[in-house]
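These notes concern the structure reproduced below.
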4 protein chains.
Amino acid sequence: MQAFEQKVRKSFGRQAFMTTIGAELISVTPGAVEIKLSFGRHLTQQNDFLHAGVITSILDSACGYAALSVAPENAEVLSVEFKVNLLAPAVGESFVARAQVKKAGKTLTVCTADAFGLNKGNEKLVATMQATIMNMIPQK
Amino acid sequence: MQAFEQKVRKSFGRQAFMTTIGAELISVTPGAVEIKLSFGRHLTQQNDFLHAGVITSILDSACGYAALSVAPENAEVLSVEFKVNLLAPAVGESFVARAQVKKAGKTLTVCTADAFGLNKGNEKLVATMQATIMNMIPQK
Amino acid sequence: MQAFEQKVRKSFGRQAFMTTIGAELISVTPGAVEIKLSFGRHLTQQNDFLHAGVITSILDSACGYAALSVAPENAEVLSVEFKVNLLAPAVGESFVARAQVKKAGKTLTVCTADAFGLNKGNEKLVATMQATIMNMIPQK
Amino acid sequence: MQAFEQKVRKSFGRQAFMTTIGAELISVTPGAVEIKLSFGRHLTQQNDFLHAGVITSILDSACGYAALSVAPENAEVLSVEFKVNLLAPAVGESFVARAQVKKAGKTLTVCTADAFGLNKGNEKLVATMQATIMNMIPQK
C-alpha cells in the first residue's frame, strides 16, 4: 500500500463517527476516494430516508480524504466549508459517496463529490457536494 | 402547546438519527428553532473534534424545523440544499444549533443557522449554515 | 433551430447585462450551454483580474439557460441560489463558462458549471459553480 | 480617515468593474462595509430585474472589503468562494449591499452580506451571501 493510501486509511480509522454510522472506506486513489454506508433505521429523518446530515458526513469525509490523498506528505486537512444539494430522497439498501479533487492548491483544495443510493444493483444520484479543504502543516 | 410546535416536535421525534446522536429539541418559536447535543467520543473525526457531518446534522434539522414552524398547516418540508462554513474546531462539552427563517416563501424558505460549542458556560461560534428548504404539500 | 434553442437565444438576447459585458451565447444543446466573454479592463477588480462578479454572471446565465433548455415548453426559469469557488486568478484573453444540468426536476433543476480563462489557445479552469434553478410556469 | 478605510477606499477605486456598473462605496467601519448601486437598464436580466451577477458583484466586493477592513495591515484579500440566495426579484430604484465579518481568522475570514432593493424609501431584502475570503500577505 502506498504512503498516501496508508495516511488516508489511518486517519479514516480514527474518525469514530464513521464507525458509529458504519461507513467504510472503499477505495483511495490519488485525488479520488470512495466511502460506502449501509442503510440503517437509526440513520433516518422523519420520512425514513437517510438524514441529510448522514449523507453529508460521508460526502465530507470523502472530500477531505480526496484532498489528503494529494496533499504534501506532512500535511493534515481540515474542511473549510461545503455546499450540498439534495437531489432525490436518500433511499437505498446502501449508499456510496465518490469524491474527486477539482483543484489542488498549496493552501486550499477544492473537491466535488456525488452520493448515490444503491438498490438491487442500480445506482441513483441522491446528493452532490462542492467543498473547500485546507492543508494544515503541523508546526513544531 | 401551539399547533406549529406540536407539528415540529412530532416530526423531530420521528428523526431516528437525532436520537442516535443524542440531539434534543430545546425551543421552537415561529421562525426559530434550537437543537442541543452533548459531546460524545463516538461523534468525532480524526482530531477528536465533533465531525463536521454531526454539526451539519443539527444545523440542518434546526433549519428545516425553523422553516416548518412557519409553513402552511398541511405542509411538510424537505431540505433542498445548504452551505456550511466551519469556523473553529468543534470542541465543547455540548453544542447548540440556532436557526432562524431569513425569508419564508410559498414554495421555498431560506434559513440561516449558527452552531456554538459550550464550555464551562462559555459559547463559541463553530459553524454557520445558509439553507434552502422546500414546502411539500401532500397531494391526495 | 429547435424550439429549446430559440427559447434560450431569445431570452439571452433580452439580458441587457450580457450585452453590457460583451458576453455571447456560443452553444445550446439539451442540458448544456456555453457562454463566452472577452477580457476587458472595465470588467476587472483591483489586481486587473476579471471581477468575481463578472465570472459569476456568465456562470449564472449559463446554468440558468442549461436548465431552461430542458424545462417544460411554457416554463421560464429563475435562479434560486448558487455557490461559486474561485480556483485561480481570472486572467485570460477571453473566458468561457460551460454549464450542464446535473438533475432536472419538476420544480427545481440543479446545474454545475466551470469557467475557463483562454490564453493563446490554452484553457485554464478559474471558477466552478453549483446552482439551483426554479421552473416558473406563468399563470394566466 | 483611518488607515483601514484608506486601504479599502484605495482598493475599491481600482476595481474598474465597480465603476462600470456605477457602484459606490458608502461606508467602511471595522468589519462592515456598505456598497450602493443605482438601477440601470443595462444591468438587467430577461425580466428587467437586476441580473443576479450584478447583485453578486456588489455583495462580493462588500464582503471582500469587510474582510480587508480587519485584515493585517500588509495583507490583501482574495475571494475564495461564496454562496448567494436570491430571495426576491431584484427590483428597486437603487440597491445596497451590507457586509459584515462573521469570523476573522489568520488565513481565512468568513463574511455574510445582505442586498436590499430601495423603493420610495422602503428597503426590501433581495439576496444574501455567505463568503470565504483569504488574506494574502505579499512575499518580497
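The charge dipole of the protein assembly as shown, taken about its Cα centre with unit charges on the Cβ atoms of Lys, Arg (+1), Asp and Glu (-1) only, comes to about 0 debye. The spacing between region C:23-82 and region A:27-58, judged by their C-alpha centroids, is 32 Å. D:Ser27 versus D:Arg14, label points 7 Å from Cα toward the beta carbon: distance in nm? For the pair D:Ser27/D:Arg14, the computed spacing is 2.7 nm. Cα gyration tensor of region C:1-63, axes a ≥ b ≥ c as square roots of the eigenvalues: rounded (a/c below 1.5), prolate (a/b > b/c) or oblate? Note, shape of region C:1-63 comes out prolate.
Close amide H contacts of A:Met136 (hydrogens built in the peptide plane, cut-off under 5 Å, sequence separation of 5 or more or a different chain): A:Glu76, A:Val77, A:Leu78.
With the charge dipole of region C:42-140 set up from +1 on Lys and Arg Cβ and -1 on Asp and Glu Cβ about the Cα centre, the Cα lying farthest toward the positive end among the listed residues C:Ala97, C:Gly64, C:Val110 is that of C:Val110. Taking amide H as placed 1.01 Å from N in the peptide plane, the amide H of C:Gly31 sits under 5 Å from that of C:Ser69, C:Val70, each at least 5 places away or on another chain. For the cross-link pairs B:Lys83/D:Lys106; B:Lys102/D:Lys10; A:Lys10/C:Lys83, the ones whose C-alpha atoms lie over 26 Å apart are B:Lys102/D:Lys10; A:Lys10/C:Lys83.
The eigenvalues of the Cα gyration tensor, multiplied by 5 and square-rooted, give the protein assembly as shown an equivalent ellipsoid with semi-axes of 34, 28, 25 Å from largest to smallest. Once C-alpha pairs closer than 8 Å and six or more residues apart are averaged by separation and normalised to the residue number of chain D, the relative contact order reads 24 percent. Phi-derived couplings, Karplus 6.51 cos²θ - 1.76 cosθ + 1.60 at θ = phi - 60°, listed residue by residue for region A:3-11: 4, 5, 6, 4, 4, 5, 5, 5, 5 Hz, with x used for Gly and Pro. Taking a point 7 angstrom from the Cα of D:Val91 along the C-beta vector, which residues in region D:23-62 have backbone N less than 13 Å away? So the set is D:47-50.
Each stretch of four or more DSSP H residues adds -39500 (n - 2.57); spread over every residue of chain B, this sum gives -7500 deg cm²/dmol at 222 nm. Between 0 and 90 degrees, the angle of helix C:52-68 with respect to the longest Cα principal axis of chain C falls at about 30 degrees. When +1 charges are put on Lys and Arg Cβ atoms and -1 charges on Asp and Glu Cβ atoms, the dipole computed for region B:2-140 relative to its Cα centre reaches about 240 debye.
None of the figures in this text is laboratory data; all of them are computed from the coordinates on show. Keep in mind that what you see is a predicted model, and the values were worked out from it rather than measured. In this analysis, Cβ positions are derived from the backbone assuming ideal geometry, glycine residues included, and neighbour counts consider all displayed protein chains.
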